[in-house]
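These notes concern the structure reproduced below.
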Amino acid sequence: MTSKPAVLFVCLGNICRSPLAEAAFRAEAARLGLDVTADSAGTGDYHVGHPPDRRAQAVAARAGIDISQYRARQVTQEDFTRFTHVVALDSDNLRNLRRIRPADASAELCLLLDFVPGREGQPVADPYYGDDAGFDVTWADATEGAAGLARHIAGET
Ligand code: 4NP
């Protein structure tokens with residue numbers, strides 16, 4: 001039996017990159033009519049329970065998407081069996097996910113930009129310590145990656 005695709009996006013704090021990837025992917029999946037679930041989490045616990053960074057909320061709002069109700073959480077070992085795809089935003093987080101991945105993990109573990117032809121292996125840069133313009137780059141990367149991932153999942157189902 002093939003399980004319904006369930007995608008978890010993972011960055012460090014779960015307040016900038018992964019909420020934007022989740023929002024972009026939800027929008028693209030809805031556009032394509034894909035039956036999927038999506039969530040996001042952080043490898044760190046610094047911002048657990050917090051809403052997305054105001055700059056992330058603003059860039060999503062400019063695209064017509066309200067992410068103000070999202071709340072940060074930390075990734076768990078159960079996530080590797082609850083989700084079919086665990087998608088890291090950069091290679092530091094991918095490395096940490098590989099380290100905590102349990103032996104019975106069933107999820108495919110990869111980088112978001114692996115789904116963008118020519119950008120395989122590239123990180124989505126951390127915009128947290130930068131300026132507002134960095135969040136435009138994050139949103140562009142998130143939407144490009146989300147579109148590629150949605151195409152990948154559409155091809156699997
Ligand atoms: P994110 O960005 O991993 O894209 O959510 C960050 C958020 C917070 C911190 C680092 C990155 N921090 O160090 O608090």
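Data for the structure
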item: Dipole moment magnitude, nearest 20 debye, the chain about Cα centre, only Lys, Arg, Asp, Glu C-beta charged; result: 200
item: Cα gyration tensor shape for segment 1-108, rounded if a/c is under 1.5, else prolate or oblate; result: oblate
item: Max mean-square fluctuation residue, GNM over the chain, Cα-Cα springs under 10 Å, options Pro102, Pro51, Pro123; result: Pro102
item: Choice from Ala72, Ala105, Ala24 with maximal GNM fluctuation in the chain (Cα, 10 Å cutoff); result: Ala105
item: Å² per residue, accessible surface of the chain at 1.4 Å; result: 48
item: Built amide H within the under 5 Å cut-off of Thr37, gap 5+; result: Ala6, Val7
item: Local electrostatic count at Leu111 - Lys and Arg +1, Asp and Glu -1, tallied over other residues with Cβ under 13 Å; result: -3
item: Label-point separation, Arg71 to Ser91 (7 Å along Cα→Cβ), nm; result: 3.6
item: Added length on full extension, which subtracts the Cα-Cα distance from 0.36 nm per residue, Asp136 to Asp104; result: 7.8 nm
item: HN-Hα J in Hz across segment 129-138 - Karplus 6.51, -1.76, 1.60, θ = phi - 60°, x for Gly and Pro; result: 8, x, 9, 4, 4, x, 6, 5, 5, 4
item: Most mobile listed residue (Leu113, Leu32, Leu94) in the chain, GNM with C-alpha springs under 10 Å; result: Leu32
item: Cα centroid separation - segment 109-157 against segment 8-43, whole Å; result: 10
item: 10 Å Cβ shell holding at most 15 others, DSSP loop, GluC sites (Glu not before Pro): longest site-free stretch of the chain; result: 1-77
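The values are calculated or read from the model by the stated rules, or taken from the named source; none is laboratory data. Just so it is clear, the structure is predicted and the values come from calculations on it, not from any experiment. Counting neighbours? That spans all protein chains shown, and the Cβs are built from the backbone with ideal geometry, glycine included. Only protein heavy atoms, including side chains, enter the accessible area calculation; ligands, DNA and RNA are left aside. Shrake-Rupley method; radii C 1.70, N 1.55, O 1.52, S 1.80 Å.
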